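Q: Quick one: the structure is below, questions incoming.
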Amino acid sequence: MNNAQDIIIFGGAGDLSFRKLLPALYMAHSHDKLSPATRIIGIGRQNWSAEEYRQFIDQHSPAFIEQGAMNVTDWQSFLSRLLYVRIDVTQSSDFNALKAMCPQSCLRVFYLATAPSLFTGICAHLSQAGLVDLQSRVVLEKPLGTDLASARQINTEVAKYFDEKQIYRIDHYLGKETVQNLMVLRFGNAIFEPLWRAPFIKSVQITVAETVGVGSRAGFYDGAGAMRDMVQNHLLQLLCIVAMESPISLDADDVRDEKLKVLRSLRKMRLADVKRDTVRGQYTEGASDGAPAISYIQEDNVPADSRTETFVALRAHINNARWGNVPFFLRTGKRMQKRQSEIIIEFADQAFSIFGPSAHHVPNRLIIRLQPEESIQLEMMVKQPGSGMNLSPVKLGLDLQSSSDIRRAEAYERLLMDVIKGRLTHFMRRDELEAAWTWVEPILAGWRELNDKPRGYAAGSWGPAASSALMARENLCWFEEA
């Protein structure tokens, strides 16, 4: 590891920085994962000194550090790593101040926690200031662009200054322990591989549900919506890991080659498919986490006539031999009943059951839960105690929390350490990103052509009734509703 490292965060005083990035870097610091010479430089437009920036972080970040991990001595030594540079990122001359404080021989990680529209200008100004060299790395936050054309433009412009192996397109879901464990579960256990395909799997559900509303992100969110904010990246990445073939190695490009094949195999939706197989929703007034919740259009900075979706449910198909005729159901939304992210693998029913049609039979399911707690459970049928052959479902659980004494790093901490170490496996490659947009764009275009208005759903519910109907057509239901 290069001893001299500068982690330079553009948007250093933004929500992402004080809620996620700096708490993650503190955890790395407190567990001696950062070299003593590592500096963390916040970039912003506020006219602050380094001490004022430290005071801001001291006021805002501790609430987002995992319980029991805050140590006053460690926190104070972490704050001493923090520096600050005031930069208007639209002004090339402002970057000279950053250049003046950066040593010549140093691993520089540029984390762009800003609006994607600023990415290309920042990269150009960094290059003009002589801050980009062969060991520099740039981290790009999602969503990267608003459509395929804008994503390609950003990728092309950033590639003028950074090679592909220097670009880290981050999706924090790929840093979650359970998501990474899914590859081991699939490819490290012989019992699953023969069954991980049609016709043995009946359906796959992927849900990312949030109880929060848009809050302070409304200004950004109204121009994006759930499809761009969540489906195009998080949910499609989870789908790729579930559906991919075994890579020939754990090399970054070998893994990403297989994910790319999945994205390219997704059946493109025509207008009739969009109408039949997608559901858009927007939350209305209700109750969330035991408190009254306002509607989306009552949120600050949301137009009263907004048609932005805060919920999406859809059915997808993968056109290959492994997954032929297996529906993949994706669902995400804000102001949902529970904060829950999970993958449900539902295995096919037996062709014949000796227990008869009246037996209480629940399908075998593999339940991979990503949040709020991380777990993997296999739901199976067993005999109820007593006379008779009455069946009852039971879950065989893998206790990931206590199965090892090794501390489980949070997703951003793990991914930031991967950036420093030059590990690209859990970051999206350019062609991956563009393949995802290629599949999503016809859906967005279809909604526009259909003049599709989001269906209302009460805050604190599981979304519009139409999403349940989407499943019912296949004689299925969302896992929570079973």
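Q: So in segment 146-159, with the set limited to residues that are part of a loop (DSSP other than H, G, I, E, B) and over 29 Å from Gln5 (Cα atoms), which one is least open to solvent (accessible area, probe 1.4 Å)? It would help to see each step written out before you state the result.
A: Quick first cut of segment 146-159, residues part of a loop (DSSP other than H, G, I, E, B) only: 146-147, 159.
Right, trim to over 29 Å from Gln5 (Cα atoms) and you get 146-147.
Details: Thr146: 72, Asp147: 51 Å².
Across segment 146-159, the extreme among qualifying residues is Asp147.
Q: Next up: Identify the single condition in (1) at pLDDT 95 or above; (2) under 21 Å from the mean Cα position of the chain (by Cα); (3) polar (S, T, N, Q) that Gln55 does not satisfy, given that it satisfies every other one.
A: Among (1) at pLDDT 95 or above; (2) under 21 Å from the mean Cα position of the chain (by Cα); (3) polar (S, T, N, Q), the lone unmet condition for Gln55 is (2).
Q: Let me ask something else about it. Based on what the data block shows, is Glu346 open to solvent by less than 40 Å² (accessible area, probe 1.4 Å), of a type in the set (D, E, K, R) and modelled with pLDDT under 85?
A: no
Q: Answer with yes or no whether Asn475 is over 23 Å from Leu239 (Cβ atoms), free of Cβ contacts under 8 Å to residues at least 12 places away in the same chain and polar (S, T, N, Q).
A: Details: over 23 Å from Leu239 (Cβ atoms): no; free of Cβ contacts under 8 Å to residues at least 12 places away in the same chain: yes; polar (S, T, N, Q): yes.
So Asn475 fails the test.
Q: Can you name every residue in segment 242-257 that is under 19 Å from Ala321 (Cβ atoms) and in contact with a helix residue (DSSP H, G or I) (Cβ under 8 Å, 6 or more places away or on another chain)?
A: If we filter segment 242-257 for residues that are under 19 Å from Ala321 (Cβ atoms), which is where we start, we get 242-248, 257.
Result: Val242, Ala243, Met244, Glu245, Ser246, Pro247, Ile248.
Q: Limited to segment 106-142, what total is found for residues that are open to solvent by less than 10 Å² (accessible area, probe 1.4 Å) and either under 18 Å from the mean Cα position of the chain (by Cα) or closer than 26 Å to Ala445 by Cα (or both)?
A: The qualifying residues number 5.
Q: Scan segment 160-184 for residues that are outside any loop (DSSP other than H, G, I, E, B), without any contact (Cβ under 8 Å) to a residue 40 or more places away in the chain and buried (at least 19 other Cβ atoms within 10 Å of the Cβ) and jot them down. Quick ask: steps written out before the conclusion?
A: To start, the set of residues in segment 160-184 that are outside any loop (DSSP other than H, G, I, E, B) comprises 164-169, 172-175, 177-184.
Going one step further and asking which of them are without any contact (Cβ under 8 Å) to a residue 40 or more places away in the chain, we end up with 166, 184.
Hit for segment 160-184 is Gln166, nothing else.
Q: Then there is this: Could you please tell me which pairs satisfy a Cβ distance under 6 Å, a separation of 6+ or placement on different chains, a first residue in segment 217-234 that is β-branched (Val, Ile, Thr), and a second residue that is open to solvent by less than 10 Å² (accessible area, probe 1.4 Å)?
A: Val231/Val312
Q: Kindly evaluate Thr332 against the criterion of being touching a strand residue (DSSP E or B) at 6+ places or on another chain (Cβ under 9 Å), assigned to a strand (DSSP E or B) and open to solvent by less than 80 Å² (accessible area, probe 1.4 Å).
A: Numbers: touching a strand residue (DSSP E or B) at 6+ places or on another chain (Cβ under 9 Å): yes; assigned to a strand (DSSP E or B): yes; open to solvent by less than 80 Å² (accessible area, probe 1.4 Å): yes.
Yes, satisfied.
Q: Among the residues of segment 311-319, is any β-branched (Val, Ile, Thr) and not in a loop (DSSP other than H, G, I, E, B)? Walk me through it before giving the result.
A: Residues of segment 311-319 that are β-branched (Val, Ile, Thr), as a first pass: 312, 318.
Going one step further and asking which of them are not in a loop (DSSP other than H, G, I, E, B), we end up with 312, 318.
Checking segment 311-319: at least one residue is β-branched (Val, Ile, Thr) and not in a loop (DSSP other than H, G, I, E, B).
Rundown of residues vs (1) closer than 21 Å to Glu141 by Cβ; (2) at pLDDT below 90, yes/no style:
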residue	(1), (2)
Gln371	yes, yes
Ser375	no, yes
Pro393	no, yes
Leu400	no, yes
Ser403	no, yes
Gly422	yes, no
Arg430	yes, no
Trp462	no, no
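Q: Restricting attention to segment 443-454, does a residue exist that is touching a strand residue (DSSP E or B) at 6+ places or on another chain (Cβ under 7 Å) and either modelled with pLDDT under 95 or among the small types (Gly, Ala, Ser) (or both)?
A: From segment 443-454, those touching a strand residue (DSSP E or B) at 6+ places or on another chain (Cβ under 7 Å) are 443, 447, 452, 454; that's our starting set.
Filter once more, so that each one left must be either modelled with pLDDT under 95 or among the small types (Gly, Ala, Ser) (or both): 452.
Looking for residues that are touching a strand residue (DSSP E or B) at 6+ places or on another chain (Cβ under 7 Å) and either modelled with pLDDT under 95 or among the small types (Gly, Ala, Ser) (or both), one finds at least one in segment 443-454, hence yes.
Q: Still on this structure: Here's a check for you: in segment 355-392, which residue that is closer than 22 Å to Asn475 by Cβ and without any contact (Cβ under 8 Å) to a residue 12 or more places away in the chain is least open to solvent (accessible area, probe 1.4 Å)?
A: Among those that are closer than 22 Å to Asn475 by Cβ and without any contact (Cβ under 8 Å) to a residue 12 or more places away in the chain, it is Gly356.
Q: Right, next: Six or more apart or on different chains, Cβ under 9 Å: which pairs go from a residue in segment 449-460 that's farther than 11 Å from Arg280 by Cβ to one that's assigned to a loop (DSSP other than H, G, I, E, B) and open to solvent by less than 60 Å² (accessible area, probe 1.4 Å)? Could you list them?
A: Between residues of segment 449-460 that are farther than 11 Å from Arg280 by Cβ and residues that are assigned to a loop (DSSP other than H, G, I, E, B) and open to solvent by less than 60 Å² (accessible area, probe 1.4 Å), the close pairs are Ala458/Arg335; Ala459/Thr211; Ala459/Gly213; Ala459/Ser295; Ala459/Lys334; Ala459/Arg335; Gly460/Thr211; Gly460/Arg335.
Q: Only residues that are open to solvent by 20 Å² or more (accessible area, probe 1.4 Å) and either without any contact (Cβ under 8 Å) to a residue 24 or more places away in the chain or farther than 23 Å from Ser461 by Cβ (or both): list them for segment 298-326, please.
A: Gln298, Asn301, Pro303, Ala304, Asp305, His317, Asn319, Asn320, Ala321, Gly324, Asn325
Q: Can you report the number of residues in segment 339-361 which are hydrophobic (A, V, I, L, M, F, W, C), within 20 Å of Trp196 (Cβ to Cβ) and outside any strand (DSSP E or B)? Explain how you work it out, then say what you get.
A: Taking segment 339-361 as the starting set, the residues that turn out to be hydrophobic (A, V, I, L, M, F, W, C) are 343-345, 347-348, 351-352, 354-355, 359.
In the following step, the residues that additionally are within 20 Å of Trp196 (Cβ to Cβ) were identified as 343-345, 347-348, 351.
Right, trim to outside any strand (DSSP E or B) and you get 348, 351.
Result for segment 339-361: 2.
The values are calculated or read from the model by the stated rules, or taken from the named source; none is laboratory data. All figures in this text were calculated on a predicted structure; none of them were measured in a lab. Here the Cβ is made from the backbone with ideal geometry for all residues, glycine too, and neighbour counts use every protein chain on show. Remember, those area values only see protein heavy atoms, side chains included, never the ligands or the DNA or RNA. Shrake-Rupley method; radii C 1.70, N 1.55, O 1.52, S 1.80 Å.
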